[in-house]
1. In the stretch 1-46, which residue that is assigned to a helix (DSSP H, G or I) and of a type in the set (D, E, K, R) is farthest from A169 (Cα to Cα)?
2. Out of the residues in the stretch 9-31 that are of a type in the set (V, I, T) and without any contact (Cβ under 8 Å) to a residue 60 or more places away in the chain, which is nearest to K50 (Cα to Cα)?
3. Could you list all residues from the stretch 34-59 that are in contact (Cβ under 8 Å) with a residue 24 or more places away in the chain, surrounded by fewer than 16 Cβ atoms within 10 Å (Cβ to Cβ), within 16 Å of T90 (Cα to Cα) and out of contact with any helix residue (DSSP H, G or I) (no Cβ under 8 Å at 6 or more places or on another chain)?
4. As an exercise: evaluate H183 against (1) out of contact with any Asp or Glu (no Cβ under 7 Å at 6 or more places or on another chain); (2) more than 22 Å from D36 (Cβ to Cβ); (3) of a type outside the set (V, I, T) and give the number of the one condition it does not meet.
5. Does the stretch 91-108 hold any residues that are in a helix (DSSP H, G or I) and aliphatic (A, V, I, L, M), and which are they?
6. Could you please find all residues in the stretch 144-173 being in a loop (DSSP other than H, G, I, E, B) and acidic (D, E)?
7. Restricting to the stretch 109-124, and then to whatever is outside any strand (DSSP E or B) and without any contact (Cβ under 8 Å) to a residue 60 or more places away in the chain, can you tell me which residue is surrounded by the fewest Cβ atoms within 10 Å (Cβ to Cβ)?
8. Could you check the stretch 144-160 and list, in sequence order, the residues that are more than 20 Å from E192 (Cβ to Cβ) and either among the aromatic types (F, W, Y) or not assigned by TED's automatic domain parsing to the domain that holds S88 (or both)?
Amino acid sequence: MVCLDLEGVLVPEIWIAFSEAAGIAELRRTTRDEPDYDKLMRFRLDILKKNNLKLPDIQKVISAMSPLPGALEFTKKLREKTQLIILSDTFEQFAKPLMEKLLWPSLFCNSLIIDKNANITDYALRQKNGKKEAVKAFKSINMRVFACGDAFNDIQMIRESHRGCLFRAPNAIRSEYNDIKCHDSYDDLLSEIDNFLTCQ
């Protein structure tokens, strides 16, 4: 099976898109920049509160987003070959429009805590280190796992998998984790996965 990150691999970064729509540069910060996910989310929630931005404001931006060029074709080809699971630190309240445009792959992600006025007050992890733990769980039922992502929060799942790689990772991550191969095209990534599938 193949476990892929979502944002930066198959779809644009949601928070960057919202940052541009809202005109708030600080919201461009993502897991490519900040290894501490809780610190990043507290920073985001504080900015939303200060600017009176609510869940529907973000959902409106997401509804206009599309998968990255070539991503849908890539996932179609991949799903003809093996099982695909999306392991993401995004949220259920964000993901649905994007999953529809990717033809509904399976998604494991987190959830937001919303008050009666549609304010995002907190977030709830599905599980601590959820990506890594999901890969461990798949391995425990004798699945062979290939994992791929683009950010700091993907490193543990890549390390835990039987084989994996980075995809279009920024230079800082490529340099720090130069023992992990990085691909920049869907064709190259699919070839890497094909090689994994045929070497079982």
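The values are calculated or read from the model by the stated rules, or taken from the named source; none is laboratory data. Owing to the predicted nature of the structure, the values given are computational and were not obtained by experimental measurement. Backbone-built Cβ (ideal geometry, glycine too); neighbour counts: all protein chains shown.
1. For the stretch 1-46, the residue satisfying everything is D46.
2. I24
3. Correct list: P56 only.
4. Unmet condition: (1).
5. Once the filter is applied, which keeps residues that are in a helix (DSSP H, G or I) and aliphatic (A, V, I, L, M), the stretch 91-108 yields A95, L98, M99.
6. Hit for the stretch 144-173 is D150, nothing else.
7. Within the stretch 109-124, the match that is surrounded by the fewest Cβ atoms within 10 Å (Cβ to Cβ) is K116.
8. The initial filter retains those residues of the stretch 144-160 that are more than 20 Å from E192 (Cβ to Cβ), namely 152-153.
The one that is more than 20 Å from E192 (Cβ to Cβ) and either among the aromatic types (F, W, Y) or not assigned by TED's automatic domain parsing to the domain that holds S88 (or both): F152.
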